[in-house]
Every structure is written in C-alpha cells, then in structure tokens.
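This report concerns only the one structure given below.
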Amino acid sequence: MLTRLYLENFALTDKLEIKFDAGLSVLTGETGAGKSILVGALARLFGDKADQTDIRSGHEMAAIECDFDLSENDTFRKLIISELKNNDIEYENGLLTIRREIFTKRPSKSFINGQMVPLVQIRRITQYLAELFGQHSHQRLLDENNHLGFLDNFAGLSDQVEQLRQLYLDWDKSKRNLSDLIYESEQRKKELELYQFQRDEIKKADIRVGEEEELRAEKKILDSSRLLAEKSSLLIELLDRGQPSALEILGSCRKEFSDMAAVDKSLKKHRELLEQAVINLDEFRTEVESYASSIPNDPERQEEINLRLDEIFLLKNKYGGSEEAILATLASIEERLADSINIDDQIKKLKLITNEVFEEYSKLARDISTKRQKVSGQLSKYVESELNHLGMSGSKFLFEFSFEPDKNGVELDGKKVKPAPNGLESGRFLISANPGEPLKPLARTASGGEISRIMLALKAADKQKKNYSGGLLVFDEIDVGIGGETAIAVANKLDMLAKKYQLLVVTHLHQIASKSRHHYAVTKAGQKSTGRNIITIKRLNKSEKADEIRRMLALPEKVR
C-alpha cells in the first residue's frame, strides 16, 4: 500500500507531501489544476524516463519519494522481499521507500531504502507494487499490435513469451551467422580456386631469376644474325683474303723488320712484339671464322623466345613486376593454401545449433499457441461479464487470431506458419457493443467511453482470473467519454476493486468521487512570495468532500 508521496520542484510543485490510506482515493480539481502531474510523478518513480522538463523552472534538481507499507501479506510481498534480499537492499519494519532525483546537468539517480540502484532494479520491484492506467493505456488498447500482449498478460504467459522472444532472437542470430558462414565458405572456395590456378600457372611457367635477361641477349643475336654474318665475312676478307690481306701485310712487315734487325742488333728485342702480333692476328682470324660458322639462323627459336618473353611479361604484370616478385608470390600462395581453414565442420556445427534452437522455439511456440487459444475464450467470458456490469449489457468480445503462411515455418495443426518474436500468431480484439450487431475490430469501432470501460474490464478480468490481492492501481481519467448510468456502473466497479486493491483515481465524475473513501482536491494557485503558480493538494473531510462534489456537479450557488 502506498502511504506517502513527496514531491519537491517536480513540474509545478514546490514542496508537497501527501498521505494515503487503503481503499479508493480520488483526485479531483479543475481542468489544468495538475491532477495528472501526480500520476506522472508516480510513473517516474516506477521507472519511466525522466528529463529536464520535469524540473520546476529555476531549479537544478527535482525529487520524488514515496513509501510503501509491505506489512500486509498480499500476493507479491514475498516476491518483493526476495528481490530486495537478492540485491542486498536493507529492508525492515515492512517499509519500502523509493526515491528518484532528477537533475538538469547530470543523469537522474534512483534509490530504494536509501541505497542507490539502477533504474532497471526500480522497474523490477515496482512491477509488483503498482500499475498505472491512463491515456497511454487507452492508446495501447487502440493499437492492435498490443492486443496479443493483453491476452498474454491475462493468460500469465508473459514470462514464457519473453523466453520465446529470446529463443527467436537466438535462432535468428544463429541463422544469420550460418548464412554469413556459408557465404564465407563459398568465397573461400572461390579464393582457393584462384590461388590454385595462380599456383599452377606460375609453376607451369617454371620461372627462374635471370632467364629473361638471358633470353633477351639470345634474341638480340638471333635478330642480328644476318648483320653478324656479313660483318664476320668482311673481317675474314680483310684479314686473309684481300689483295693484299692484313696477314700478308703483316708478313711483309715481319720480313722487312728482320732485314733491319740483321743490321741493327738492338732491334731484335722488338721482334717479339711483331711475332706476337702475327700470332694474335692469325688466332683472331681463326676465332672469327669459327664465330661466323656458329652464327644461328633459327626462326623457330626466335619465335620460341618471343613467346617465352611474352609469357614472362604477362606473369610480371600479374604478380609483381619481376621474376623475383613472381617467385615470392608463388611462395605466398603456397603458404596460404597450406594454412587454409576448412570451415565445413563449423557450418555443420552451426546448422545443428540452429536446428536445435529452432526446434526449441517451435515446441514452446506451439505450447504458447495452444494456451492462447484456450485462454482467449476465458478472457472473452470474463470481459463480457465485466462489461455487463459497466453498462454494456449484451456486448460480445472476442480475440481474433491470424497466422501468416510460410513454407519454411513452424508446423502448426498441419500447416506451416511464419515464426515471429512473440510467437506463431498475431491477433486483435473484436467487439460488438450492441446486441445483434456483428463483431468488428475494437480499435476501429469502439468509442472513447467504450475504450475506457473495456480497459477497466480487462484489468478487472485479469485480477479476477489470477485472484490477485493487494497492490496499488492508479487510474488517470478512466472516465473519459462516459457519464450518467455508465458512470455509476464504472464507479461501482472501481468500488469493488478497492475492496482488494488500493486505488488512486483521477476523475472528473461526481459518481466516482462519491464512492471514494479518501478525497483529495488539487488546486493551482499563485505563490505569494514569487507570484508563480504552484500545485497544492488538500485531503478533504466529509463536509469539504460534499462541497467539492457540488462543484463537480456545477450546482448554482443558491443550491449549494
């Protein structure tokens, strides 16, 4: 039970403290007085996102604090205490204090019994303490994407659906990883095929360092064989066949020099030079003749060299620009081929894991689907019964299931249906608000007043089915769009709920206000010291409550 709410610099509050008791409490006041601000403060306490706009202008921090009395043995008391102990949060005397501090220049802080905790911890604990219903709840009901969640909550399947969602995410991730791995395998196979081709190409070419230079030298000779032959013939002609030839002239020189040396003995020492010249020139003539006979004239060899040089040129362009680079590339390719990882085993393992997760998902999804089908009829009966008490006698209420075919999906009742994070089906609420009228989609046909009553009926049905007791239910303008007899019916239903729960209701209807055990009037007035508007709340006594209800009825002064 909520026993105290304290606000400081939150929205239009200065310092405001409210004490609460069990049963039905209502908040009333003129439109714009700030009633919903109190609901917003509770929402922040229970884990809603806070920001700087929550802080009263001119201040750097806002604080919200509340006390809950857990001494009563309600449904969730043991769960809350267990959650506190598991997180080493001190707890004694049945009192739980939750505090939220919001700052302009730094993140907000949350506390439980004075111990700072993450916001997620606040949400885990407060889910057992209170539920808030307001315009946001109405909007959720108007969105058909949320209808399955209402059914799951009624069926008590929320934890199983969360488990199913995690299985789906695991399966989807595993499936994507498998697809990536198969793609990688295919790319590696293509890469290996390319490496093998390159290795075979280089090996077949049998490249060796220096070969190109040798071939170019040989090519140069073959390309100039005619010129070399002509020059060789001319040299032989000059050396030995001319008239006179070089050897003949040198022989004449040797004869003449011998005659000179016979006269002048000092010339004998130079005779050896002339003799050596004759010998060298004769040997040179022999070498030229031998060279002339060896000059190649081989067009086939020329073509062979040209083809080989073209091959080396192409390989150089592909593999680095030199014979050394080609051989280095070959070594690198062979190393990569030797180190290549065969990922087929990984694919097999991941396929097995993917199939196992899918089977686990499928089994749980079918189980949830069966439970949904079964409980949807119960929900319809509960809601129709509640609506009958809320002025919608004869209404029909139904959850319509829909499935999307998928040939690779999960087998359900002999058909393959598409899996999704929340299960195998989607669906929506159908309603017939008037006897004899066909069922139509709730989100498209229900009026504002009907939505309010259906929301209340859903919550009442949920509590009745699960036989919960205790905890705080906050209704922010659950009376939108209703009046007259319908308002009385809603007021009676809230009064009945208040026998098992603590209710805090923001209302504009006197029918609901008159049922309250505790009545709070919210006003907005100027502050004397600053002239700025602030929100004040007063707990009314019986006489003040009667005056407030007269105000809500807009009775003339003389009647009051």
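None of the figures in this text is laboratory data; all of them are computed from the coordinates on show. Being a predicted model, the structure only gives us computed values, none of them experimental. Methodologically, a virtual Cβ is constructed for each residue, glycine included, from the backbone with ideal geometry; neighbour enumeration extends over all protein chains shown.
Excluding Tyr91 itself, what net charge comes from residues whose Cβ is under 13 Å from its Cβ, given Lys and Arg +1 and Asp and Glu -1?
-3
Mind giving me the nanometre distance, one decimal, between the label points for Gln373 and Glu335, set 7 Å out from Cα along Cα→Cβ?
Modelled inter-label distance: 6.3 nm.
If one takes the longest principal axis of the Cα atoms in the chain, at what angle in degrees, from 0 to 90 and to the nearest 10, does the Cα axis of helix 225-236 lie?
Orientation of helix 225-236: about 20 degrees from the principal axis.
Work from the charge dipole of the chain (Cβ charges, +1 for Lys and Arg, -1 for Asp and Glu, about the Cα centre) and give the residue of Ser252, Ala11, Leu235 farthest towards its positive end.
Ala11
Where in the range 56-88 does the amide nitrogen come within less than 18 Å of the point 7 Å from the Cα of Phe111, taken along Cα to Cβ?
60-69, 88
What distance in nm lies between label points placed 7 Å from Cα along the C-beta direction at Glu72 and Glu272?
The modelled label-to-label distance comes out at 13.8 nm.
Could you let me know the centre-to-centre spacing of the range 89-137 and the range 344-386, using Cα atoms, in angstrom?
The range 89-137 and the range 344-386 have Cα centres separated by 33 Å.
Could you work out the local net charge near Val417, counting Lys and Arg as +1, Asp and Glu as -1, over the other residues with Cβ closer than 14 Å to its Cβ?
+1
Does anyone have the angle between helix 448-466 and the longest principal axis of the chain? Alpha-carbon axes, 0 to 90°, nearest 10?
Taking Cα atoms only, the helix is inclined about 90 degrees.
Quick one: if you stick a label point 7 Å off each Cα along the C-beta vector at Glu544 and Glu300, how many nm between them?
About 12.4 nm separates the two model spin labels.
Among DSSP beta bridges lying fully in the chain, give the percent that are antiparallel, nearest 5.
Taking every DSSP beta bridge with both residues in the chain, the antiparallel ones total about 75 percent.
Divide by every residue of the chain the summed helix terms, -39500 (n - 2.57) for each DSSP H run of at least 4, and state the resulting mean residue ellipticity at 222 nm, rounded to the nearest 500 deg cm²/dmol. Working shown, then result.
Working: 18 runs with 300 residues, N = 560.
Calculated from helices alone, the mean residue ellipticity at 222 nm is -18000 deg cm²/dmol.
Roughly speaking, what is the stretch gain from Ser185 to Glu144, that is 0.36 nm per residue apart minus the C-alpha to C-alpha distance, in nm to one decimal?
10.5 nm
What residue among Ser290, Asn317, Gly210 has its Cα farthest toward the positive end of the dipole of the range 191-339, where the charges are +1 on Lys, Arg and -1 on Asp, Glu, each on the Cβ?
Going by the Cα projections, it comes out as Ser290.
With a cap of 16 neighbouring Cβ atoms within 10 Å, and only residues DSSP puts in a loop, list the trypsin sites (Lys or Arg not before Pro) found in the range 79-154.
Taking the range 79-154 and a limit of 16 other Cβ atoms within 10 Å, the loop trypsin sites (Lys or Arg not before Pro) found are Lys105.
Which value, in debye to the nearest 20, gives the size of the charge dipole of the range 191-339 about its Cα centre, when Lys and Arg are +1 and Asp and Glu are -1 at the Cβ?
840 debye
Taking only Cα atoms, what is the 0 to 90° angle, nearest 10, from helix 299-318's long axis to the longest principal axis of the chain?
The angle comes out near 30 degrees.
About its Cα centre, what dipole magnitude does the chain give when the only charges are +1 on Lys and Arg Cβ and -1 on Asp and Glu Cβ, stated in debye to the nearest 20?
Dipole magnitude for the chain comes out near 4960 debye.
Under 8 Å for C-alpha pairs, at least 6 residues apart: give me the relative contact order for the range 191-339, rounded to a whole percent.
Relative contact order for the range 191-339 comes out at 42 percent.
Which trypsin sites (Lys or Arg not before Pro) in the range 168-239 sit in a loop by DSSP (not H, G, I, E or B) and have at most 13 other Cβ atoms within 10 Å of their own Cβ?
On the way: sites: Lys173, Lys175, Arg176, Arg188, Lys189, Lys190, Arg199, Lys203, Lys204, Arg208, Arg216, Lys219, Lys220, Arg226, Lys231; in loops: Arg208.
Listed in order of number, the matching sites are Arg208.
Could you compute the net charge surrounding Asp51? Neighbours are other residues with a C-beta less than 13 Å from the C-beta of Asp51; K and R count +1, D and E count -1.
Values: positive: Arg44, Lys49, Arg100, Lys105, Arg106; negative: Asp48, Asp54.
It works out to a net charge of +3.
If you take the charge dipole of the range 406-557 about its Cα centre, with +1 on Lys and Arg Cβ and -1 on Asp and Glu Cβ, which of Leu439, Leu494, Gly449 is farthest toward its positive end?
Of the options given, the answer is Leu494.
Considering Cα pairs under 8 angstrom that are at least six residues apart, work out the relative contact order of the range 69-119 and quote it in whole percent.
Rounded, it is 28 percent for the range 69-119.
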